[in-house]
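*Asks:* Take this structure, written in structure tokens, and hold onto it; I'll ask about it next.
The values are calculated or read from the model by the stated rules, or taken from the named source; none is laboratory data. In this text the structure is predicted, and so the values were computed from the model without any measurement. Positions of Cβ are backbone-derived with ideal geometry, glycine not excepted, and every protein chain shown enters the neighbour counts.
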Amino acid sequence: MNATPLEIPPGFVLREEAHKAAYENGFRIALGVQEGWLGYRSTTARGDIWIARVEGQGSWLLSITHAGVAAEFEMPAIAGIASPGFAVYAFVSLQQLYQTLERVYKLGVSLPDAPLESFKKATAHLPRITEAERMTVQRVGQSLFRDALLEYWNGRCPLTGITDNALLRASHIVPWAECGTDELRLDVHNGLLLSALWDAAFDCGLISFADDGTVLRSPKLTSEAAAALNFDSAVPLDPLTHLHRQNLAHHRTKYGF
């Protein structure tokens, strides 16, 4: 039994707004109604979503079935509401629901296991004996990794706002060669989407990032280079997960921050 009563059956407004919110954020397969919850699925993102409303209050509710997606949220889940999913979140406005659904979709298509599974399928029959063969496998992985980062960071450098695809680089936090597993190599939380100059500075340890996303400057970064980066205008990285922070700690230690 729900301690919080839901709108049952879902009314016209709930059905229309839920369908629109789900459809516009990539969840375009309707799963029907389950005890007041309207279900939707994506063909590309992992996990289903379920949308409902609190009876008489108008608050919007979102239930997520993928535990990995829910684990990335810093917002607290709410208790006392039975749902088809792993966790339930409440929103006072449709705008908040839309913003969260956008995040749910991005996580669903870029979770660590998503690019990894694609990599396994694409390289299952590729030999890895010679250096040339291993480089071919690596290029496949790096291409999939880049695609995942473009999706995760919404196709823009979070520091500069640059969206020109040719100027964006998929930056490994823990470098490919230093990763002990393909899981870490293909983990979207082991990567940043940076513009070319920022990528070069990060790759050689002239800059790094604190746990709150603030850009850190190495004493080795010259004033001229900092000016070219427009260092003082860089905004903190957002969003960062606890997995990002773990990998960034490795980068800071490696370069003495």
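Every residue, every condition in (1) in contact with a Phe, Trp or Tyr (Cβ under 6 Å, 6 or more places away or on another chain); (2) under 29 Å from Gly47 (Cβ atoms); (3) surrounded by 13 or more Cβ atoms within 10 Å (Cβ to Cβ); (4) not assigned by TED's automatic domain parsing to the domain that holds Phe73, yes or no:
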residue	(1), (2), (3), (4)
Glu117	no, yes, yes, yes
Ile129	no, no, no, yes
Gly141	yes, yes, yes, yes
Ile162	no, no, yes, yes
Ala166	no, no, no, yes
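*Asks:* Could you please let me know if Leu192 is surrounded by 21 or more Cβ atoms within 10 Å (Cβ to Cβ) and touching a residue at least 40 places away in the same chain (Cβ under 8 Å)?
*Replies:* Yes; evaluated as a whole, the condition is true for this residue.
*Asks:* If Ala52 satisfies all but one of (1) crowded, with 22+ Cβ neighbours inside 10 Å; (2) in a loop (DSSP other than H, G, I, E, B); (3) more than 14 Å from the chain's Cα centre (by Cα), what's the number of the condition it fails?
*Replies:* So the condition that Ala52 fails would be (2).
*Asks:* Quick one: which of Glu72, Glu24, Glu17, Glu102 is of a type in the set (Asp, Glu), more than 27 Å from Phe145 (Cα to Cα) and in contact (Cβ under 8 Å) with a residue 12 or more places away in the chain?
*Replies:* Glu17
*Asks:* Condition first: in contact (Cβ under 8 Å) with a residue 24 or more places away in the chain and either more than 19 Å from His244 (Cβ to Cβ) or touching a strand residue (DSSP E or B) at 6+ places or on another chain (Cβ under 9 Å) (or both). Can you find one or more residues in the stretch 130-137 that meet it?
*Replies:* No - not one qualifying residue is present in the stretch 130-137.
*Asks:* Does the stretch 242-252 contain any residue that is at pLDDT 95 or above, more than 24 Å from Lys106 (Cβ to Cβ) and of a type in the set (Gly, Ala, Ser)?
*Replies:* Checked against the condition, which is being at pLDDT 95 or above, more than 24 Å from Lys106 (Cβ to Cβ) and of a type in the set (Gly, Ala, Ser), the stretch 242-252 yields no hits at all.
*Asks:* Using the structure shown, decide if Thr214 is surrounded by fewer than 19 Cβ atoms within 10 Å (Cβ to Cβ), among the polar types (S, T, N, Q) and in contact (Cβ under 8 Å) with a residue 12 or more places away in the chain.
*Replies:* Against the criterion (surrounded by fewer than 19 Cβ atoms within 10 Å (Cβ to Cβ), among the polar types (S, T, N, Q) and in contact (Cβ under 8 Å) with a residue 12 or more places away in the chain), Thr214 qualifies.
*Asks:* Out of everything in the stretch 1-42 that is touching a Pro at 6+ places or on another chain (Cβ under 8 Å) and buried (at least 20 other Cβ atoms within 10 Å of the Cβ), what residue ends up being farthest from Asn154 (Cα to Cα)?
*Replies:* This residue is Gly36.
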